[in-house]
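Accompanying notes for the structure given below.
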Amino acid sequence: MVVLVTGGTGYLGSQLIRVLPKIAAFKGETIRVLDNEFRERYVSLWDLPKGVRYEFLEGDIRQEDSVKHALADVEVVFSLSDITNAPVSFERKELTWDTNHKGVLHLFDRAVRAGVRKFVYTSTCSVYGPTSGVVTEDAECKPASPYGESKLAAEREMRTRAAELGLDWTALRLGTVFGWTIGMRFDTIINRFTYLAAQGRPLTVYDTAWKEKRPYVSVTDAMQAYRIAATHPKAKGQVFNAVHENANMETIIGAIKQVYPHVQVTTTATPSLNQLSYEVDGSRFRGLGFRPKVGIAEGVRKLADKFHCIEPVPIPAPTLEA
Ligand SMILES: NC(=O)c1ccc[n+]([C@@H]2O[C@H](COP(=O)([O-])OP(=O)(O)OC[C@H]3O[C@@H](n4cnc5c(N)ncnc54)[C@H](O)[C@@H]3O)[C@@H](O)[C@H]2O)c1
């Protein structure tokens, strides 16, 4: 069997390709990675576990040839190839839609034609947009960014088509992920703040964010989520919130201060509509056995440990002329 991971050199993909061979259902199988290196993470291909057959195709989910080659003999697809980063998606709307909607549906259609058995789609809690109360998977979605819109549209279309075809398809709406992988992203909040604190740089928090909560999940637990989505018989046709905790900045800064007690934190006015509060309910997925284990404090500690050789160098505050 061949297992295809698209976006397999990205932040989550680089960890998933290392974890899959340890899952009983995928032991001994070939792991094929398709990534166009939009994020240039060739480094993710270093030091892969020995004794596993890996294949790497530098190619694009929007291109016929790439997808055709990538899908040869594939039984299971993990779809992680997207233009990520919700705030930045306002500046690259077309590319975001072209990749996250058109490209992912292209991959899905070709996967169906190629006869894959299982398709696991990585969705996001950014599909919800502004909400009140704690939302379940059945809540109305009003995504507040081109990123969230493209992900929701792709998720919905795939779900409908998979149901019509009887295909085994599952979507994971991940909370914002934190923690170390070899293909690190530092443009998400917990990872970014830990990196800045490690350098001795100040953290700036939006005033509303101190109290408003958002859903988070560690990278370790995201891997557990993929395992359940791919192997649990009751995951078929379902969409799941894969979250550990809904946390506000008080919790996140508290976790960072446990490691970097002298970090400077300032508060600034909230500038944009992307600073929204939403809390997400994870009980449906817990019903399938999902048990997140790594909380924010532990995630920050482990990530901070990677910076242990860096001596914090406080940067002077900018002058008014700067
Ligand atoms: N990291 C998070 O906090 C988070 C939260 C919720 C959902 N997700 C979802 O998880 C998945 C993985 O995200 P990530 O955090 O690893 O992001 P990432 O940006 O690190 O990884 C995405 C990968 O996709 C590749 N890619 C982009 N366009 C492509 C294309 N046209 N063809 C082939 N490859 C392409 C990129 O080069 C990159 O390696 C995405 O679907 C994302 O929407 C991530």
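The values are calculated or read from the model by the stated rules, or taken from the named source; none is laboratory data. Please read these numbers as outputs of a predicted model, since none were measured by experiment. Every residue, glycine as well, gets a Cβ built from its backbone with ideal geometry; the counts of neighbours run over all protein chains shown. Heads up: the accessible areas ignore ligands, DNA and RNA and are worked out on the full protein's heavy atoms, side chains in. Shrake-Rupley method; radii C 1.70, N 1.55, O 1.52, S 1.80 Å.
Pick from Val116, Val120, Val112: which is surrounded by 20 or more Cβ atoms within 10 Å (Cβ to Cβ), closer than 22 Å to Ala163 by Cβ, at pLDDT 95 or above and more than 15 Å from the ligand (Cβ to nearest atom)?
One residue alone meets the criteria, Val116.
Please work out which one of (1) more than 9 Å from the ligand (Cβ to nearest atom); (2) crowded, with 17+ Cβ neighbours inside 10 Å; (3) part of a strand (DSSP E or B) is the condition Val52 fails and give its number.
(3)
Given the residues Gly166, Gly183, Gly179, which is the only one that is within 9 Å of the ligand (Cβ to nearest atom) and either under 14 Å from the mean Cα position of the chain (by Cα) or over 24 Å from Arg18 (Cβ atoms) (or both)?
Gly183
Answer with yes or no whether Ala70 is assigned to a helix (DSSP H, G or I), away from the ligand (no atom under 13 Å from the Cβ) and over 19 Å from Gln15 (Cβ atoms).
No; evaluated as a whole, the condition is false for this residue.
Determine, yes or no, whether Val19 is in contact (Cβ under 8 Å) with a residue 24 or more places away in the chain, within 13 Å of the ligand (Cβ to nearest atom) and surrounded by fewer than 24 Cβ atoms within 10 Å (Cβ to Cβ).
no
Pull up region 217-246, narrow it to residues that are open to solvent by less than 10 Å² (accessible area, probe 1.4 Å) and not hydrophobic (A, V, I, L, M, F, W, C), then point me to the one that is nearest to Ala297 (Cα to Cα).
Per the criteria, the residue is Ser218.
Quick check on region 34-85: of everything there that is in contact with a Ser or Thr (Cβ under 9 Å, 6 or more places away or on another chain) and among the aromatic types (Phe, Trp, Tyr), which residue is farthest from Val112 (Cα to Cα)?
Looking at residues that are in contact with a Ser or Thr (Cβ under 9 Å, 6 or more places away or on another chain) and among the aromatic types (Phe, Trp, Tyr), I get Tyr42.
Among the candidates Leu57, Leu12, Leu34, Leu45, single out the residue that is more than 8 Å from the ligand (Cβ to nearest atom) and either without any contact (Cβ under 8 Å) to a residue 12 or more places away in the chain or within 25 Å of His101 (Cα to Cα) (or both).
Leu57
Can you find, within region 137-163, the residue that is modelled with the highest pLDDT among those that are under 19 Å from the mean Cα position of the chain (by Cα) and among the polar types (S, T, N, Q)?
Checked region 137-163; the qualifying residue modelled with the highest pLDDT is Ser150.
Which of (1) in a helix (DSSP H, G or I); (2) within 16 Å of the ligand (Cβ to nearest atom) is the odd one out, the single condition Arg39 does not satisfy?
Among (1) in a helix (DSSP H, G or I); (2) within 16 Å of the ligand (Cβ to nearest atom), the lone unmet condition for Arg39 is (1).
Go through region 246-273 and report how many residues are polar (S, T, N, Q), part of a loop (DSSP other than H, G, I, E, B) and in contact with a helix residue (DSSP H, G or I) (Cβ under 7 Å, 6 or more places away or on another chain).
Total satisfying the criteria: 2.
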